[in-house]
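The values are calculated or read from the model by the stated rules, or taken from the named source; none is laboratory data. Only a predicted model underlies this, so the values are computations on that prediction, with no experimental measurement involved. Cβ placement follows ideal geometry from the backbone for every residue including glycine, while neighbour counts extend to all protein chains displayed. What goes into the accessible areas is simple: the full protein's heavy atoms, side chains included, and nothing from ligands, DNA or RNA. Shrake-Rupley method; radii C 1.70, N 1.55, O 1.52, S 1.80 Å.
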Amino acid sequence: MCGSNGFSYRFELYTGQENQDKYRLPSEPDLMASANVVVRLSRIIPENKNHRVFFDIYYTTIPLLTFMAKKGIHTLGTVRRNRLPNCQFISEKIMNNKARGTAFEYITVFDDIPLTSVVWKDNKIVTLLSSYCGILPKNSINRFDKKTKRILDVNCPAIIKDYNRHMGGVDLLDSLIGRYKIRMRTKKWYMRIWYHLIDVTVVNAWLLYRRVEVSNGRKPTMSLFDFRLSVSYSLTKVGTITPKRGRPPTSVLKEMAIKKRKPNTSLMPTDSVRKDCVDHWPEYVESRQRCKLNGCGKLTNCTCTKCNNYFCCGVNRNCFTLFHKY
């Protein structure tokens, strides 16, 4: 279950046992296999808050829309005609002879819940069922006509506009995952699920990063590729110190048994590691190097236990705090 921006809120692994009575809440009726998926995934949605849920033709049924409406959740989805009993729509053969943009609407009441069904002709015939919107107000959209080789204005019902605007969050999530997916050449199903969930988590974190940047009035500057690199680098730096290459002298090996080895200062941490406020502690060593804070460059004996770089940390100069805070 995803939002319109691709953020994944909940998922369900198919095991073949989901429709058993022991996995169904007492207040949930048996709406058949496809509709029960929507019911289970929507348990986290607050009731009577006028939230909207969209789904495709595989899930839409009249009992599902009625059950969701009684919980105060609006729903909309494409529907098969054979799932609409006593359907009054004209046949598809006659509908194909109508002009492009033709639409018909029927309203009914099922279990005290008003429902609206709309059929609309575009390139193909589309049938939708909703518990909160219908054909009005009509809008116009641009479509290319192959016969006249021109772009024409076609009437479009409001229910189509709303469906196209909010539907497709799951497809967007799959698209974002597929750009930089973790490739695993294995036939073990649990390994594939494990790495797929890691991909979903990274995409969710990136979408949260963009949301926070926009809410603070800043433009997101980190792409999904750069974000994955930053996360990977941050995870590799947790609790690790990169040693120097080569075997140290015997005298150094003896000293390493007593005191910690001098950290490597070849790499600078990313902003996510630098400002995460986790395990950054000043430590004084015997050797001295230049302070890594821009604009300082003075000799110091103080190092950061996580960043593995030298920073001034004294009464007159406190480059250590400035580097990890700003």
- Note on the structure: Here the cysteines of the chain lacking a cysteine partner under 4.7 Å (Cβ to Cβ) are 2, 87, 133, 156, 277
- Message: Need the list of lysines near residue 70 for cross-linking: C-alpha distance under 27 angstrom, and skip anything on the same chain fewer than eight residues off.
- Response: 22, 49, 161
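Give me the percent of the accessible area of the chain that comes from carbon and sulfur atoms, probe 1.4 Å, all protein chains in place. Write out the running numbers ahead of the final one.
Numbers: 11600 of 21300 Å².
Answer for the chain: carbon and sulfur cover 54 percent of the accessible area.
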- In deg cm²/dmol, rounded to the nearest 500, the helical mean residue ellipticity at 222 nm of the chain, built from -39500 (n - 2.57) for every DSSP H run of length 4 or more, is -9000 deg cm²/dmol
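When ligands, DNA and RNA are left out and all protein chains stay put, how many square angstrom of accessible area per residue does the chain have with a 1.4 Å probe? If you can, show how the numbers build up before the last one.
Working: 21300 Å² over 326 residues.
About 65 Å² of surface per residue is accessible.
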- Message: Which order do the peptides 269-280, 142-153, 118-129 come out in when sorted by mean C-beta neighbours inside 10 angstrom, highest first?
- Response: 118-129, 269-280, 142-153
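Could you sort 3-15, 50-62 so that the peptide with the highest average Cβ count within 10 Å comes first and the rest follow in order? Before the final figure, lay out each step's value.
Working: 3-15: 12.6, 50-62: 17.9.
Per-residue Cβ counts within 10 Å, averaged per peptide and sorted highest first, yield 50-62, 3-15.
What shape does segment 83-217 have by the C-alpha gyration tensor, where a ≥ b ≥ c are the square roots of the eigenvalues, rounded means a/c under 1.5, and otherwise prolate means a/b greater than b/c and oblate the rest? Intermediate values should be presented prior to the final figure.
Numbers: a/c = 2.03, a/b = 1.84, b/c = 1.10.
Verdict is prolate for segment 83-217.
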- Query: Calculated from the structure, Rg/Rh (Cα atoms, Kirkwood Rh) equals which of (1) 1.00; (2) 0.94; (3) 1.17?
  - Reply: (3)
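For residue 21, what is the net charge nearby, where nearby means another residue's Cβ is under 14 Å from its Cβ and Lys, Arg count +1, Asp, Glu -1? Spell out each step's value before the answer.
Details: positive: 22, 24, 40; negative: 18, 28, 30.
Residues close to residue 21 contribute a combined charge of 0.
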- Query: Taking the Cβ-Cβ separation of residue 82 and residue 150 as r and a Förster radius of 51 Å, what is the calculated FRET efficiency to the nearest 0.05?
  - Reply: 0.85
- Between beta-carbons, use under 11 Å as the cut-off and find the net charge around residue 326, counting Lys and Arg +1, Asp and Glu -1. +2
- Residues with amide H under 5 Å of residue 53's amide H, sequence separation 5 or more or different chain, H placed in the peptide plane at 1.01 Å from N; which? 74, 75, 76
- Using modelled amide H (1.01 Å from N, peptide plane; none on Pro or chain starts), what sits under 5 Å from the amide H of residue 133, excluding residues fewer than 5 places away? none
- Item | Signed unit charges on C-beta, dipole axis of the chain, positive-most listed residue 200, 170, 95 | 200
